[in-house]
Amino acid sequence: MSDGVTLTVSDLPRSTLTVTPDSPVFTGETVTLKCVIETYSDWRYEWYKDSVMLQTSDRYTVNRDTLTIRGVITNELGQYWCRGQRDERPNSSQSSSVSLSVKDSPRSTLTVTPYSPVFTGETVNLTCVIESHSNWRWRNYQTYGWIYEWTPEWRYEWYTDSVMLETSDRYTVNRNTLTIRGVITSDQGQYWCRGQRDERPSSSQESNQINLIINDLKPKPELTSDPAGAALTGNTVTLICRMNPATGWDFYWYKHILNSETKTETNSYRVKIDSVSAGGQYWCRAGRGKPVYYTQYSDALWVNVTGEREHSI
């Protein structure tokens with residue numbers, strides 16, 4: 001009788017897949033998946049998402065045991081796993097899967113004051129608002145447990161077209177607001193903003209774009225009256241100061257001389273014709289912003305007073 005043969009069975013080498021940064025990740029981030037296979041060498045690494053083997057591309061690059069995904073997007077969430085192949089025994093190794101969860105980066109919203117179009121010489125404020133990420137949050141530390149802590153604030157980046165703006169005498173930043181003083185025609189263009197900080201999520205999405213239009217011609221309002229024509233004493237005449245664009249202005253009213261003004265928040269001004277002296281020349285102009293940007297004066301409007309209103313008996 002021949003001697004027996006002992007069959008020794010060993011497990012295939014174990015593969016361990018790690019993900020950096022920790023899931024969930026945020027859109028736009030770079031994710032690194034590392035496949036570590038115990039013992040042996042000369043592995044060729046294959047990468048899978050769900051049941052599909054990944055192919056290298058501009059965004060998916062492989063360096064030996066590491067897969068890098070640049071600029072993650074939401075449809076890249078799923079189950080990832082890796083497998084090693086080699087020409088000698090053992091010739092295969094497969095990892096367990098890792099779930100990659102992808103969240104949208106915080107949204108940014110850009111607003112402008114005053115509304116476009118603006119006029120040369122005005123002051124323009126662009127405000128960047130980043131959604132829903134408070135600077136206070138709970139964090140779990142192994143040693144101390146849950147601690148309520150202050151997280152880094154956003155640093156705001158401002159762009160016109162594809163160029164990041166630098167601060168200057170005319171371009172100043174106060175937290176999330178960019179101020180452009182004394183705008184000129186070359187300031188015209190597409191503006192957008194983005195937030196950056198030292199902690200995840202480390203970047204916000206790019207904001208909406210605002211098309212800033214600069215008008216080189218100082219606006220001039222049109223002054224009319226209602227009713228038009230001659231006024232009778234005892235009646236009321238409403239002066240109307242028309243602007244284009246119509247909103248966002250305060251209005252200033254003048255009678256006879258231009259160094260005495262009355263301010264209103266609407267474009268109408270009621271004049272009580274209590275005597276002949278209420279007649280004469282009237283002007284208006286509009287202003288907005290801080291410091292106030294003033295339009296030209298309107299043309300003079302004559303309010304003629306012809307006599308007294310008839311009284312019923």
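Below, the figures for the structure above:
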| read-out | value |
| --- | --- |
| Search result, residues across the range 2-51 that are on the phi > 0 side of the Ramachandran plot and more than 43 Å from the chain's Cα centre (by Cα) | 39, 40, 42 |
| Near pairs, Cβ below 8 angstrom, 6+ apart or cross-chain, from the range 107-120 (within 15 Å of residue 294 (Cα to Cα)) to any residue that is assigned to a strand (DSSP E or B) and of a type in the set (Ser, Thr, Tyr) | 119/293 |
| Conditions (1) in contact with a Gly (Cβ under 7 Å, 6 or more places away or on another chain); (2) touching a residue at least 60 places away in the same chain (Cβ under 8 Å); (3) under 29 Å from residue 118 (Cβ atoms); (4) open to solvent by 40 Å² or more (accessible area, probe 1.4 Å); number of the one not met by residue 294 | (2) |
| Residues of the range 87-104 satisfying the condition of being closer than 14 Å to residue 17 by Cα and surrounded by 13 or more Cβ atoms within 10 Å (Cβ to Cβ) | 93, 94, 95, 97, 98, 100 |
| Residue within the range 237-245 that is loosely packed, with under 12 Cβ neighbours inside 10 Å, within 27 Å of residue 116 (Cβ to Cβ) and in contact (Cβ under 8 Å) with a residue 24 or more places away in the chain present | yes |
| Enumerated strands (runs of 3 or more DSSP E) restricted to the range 119-199, each holding at least 2 residues that are surrounded by 12 or more Cβ atoms within 10 Å (Cβ to Cβ) and at pLDDT 95 or above | 124-130, 155-160, 171-174, 177-180, 189-196 |
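So that you can scan it fast, the table gives a plain yes or no per residue for (1) farther than 26 Å from residue 196 by Cβ; (2) open to solvent by 40 Å² or more (accessible area, probe 1.4 Å); (3) of a type in the set (S, T, N, Q); (4) touching a strand residue (DSSP E or B) at 6+ places or on another chain (Cβ under 8 Å):
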{"residue": "46", "(1), (2), (3), (4)": "yes, yes, no, yes"}
{"residue": "53", "(1), (2), (3), (4)": "yes, yes, no, yes"}
{"residue": "61", "(1), (2), (3), (4)": "no, yes, yes, yes"}
{"residue": "66", "(1), (2), (3), (4)": "no, no, yes, yes"}
{"residue": "78", "(1), (2), (3), (4)": "yes, no, no, yes"}
{"residue": "85", "(1), (2), (3), (4)": "yes, yes, yes, yes"}
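The values are calculated or read from the model by the stated rules, or taken from the named source; none is laboratory data. Because the structure is a prediction, the values reported are computed rather than measured. Here Cβ is always computed from backbone atoms with ideal geometry, including for glycine, and neighbour counts include all displayed protein chains. Remember, those area values only see protein heavy atoms, side chains included, never the ligands or the DNA or RNA. Shrake-Rupley method; radii C 1.70, N 1.55, O 1.52, S 1.80 Å.
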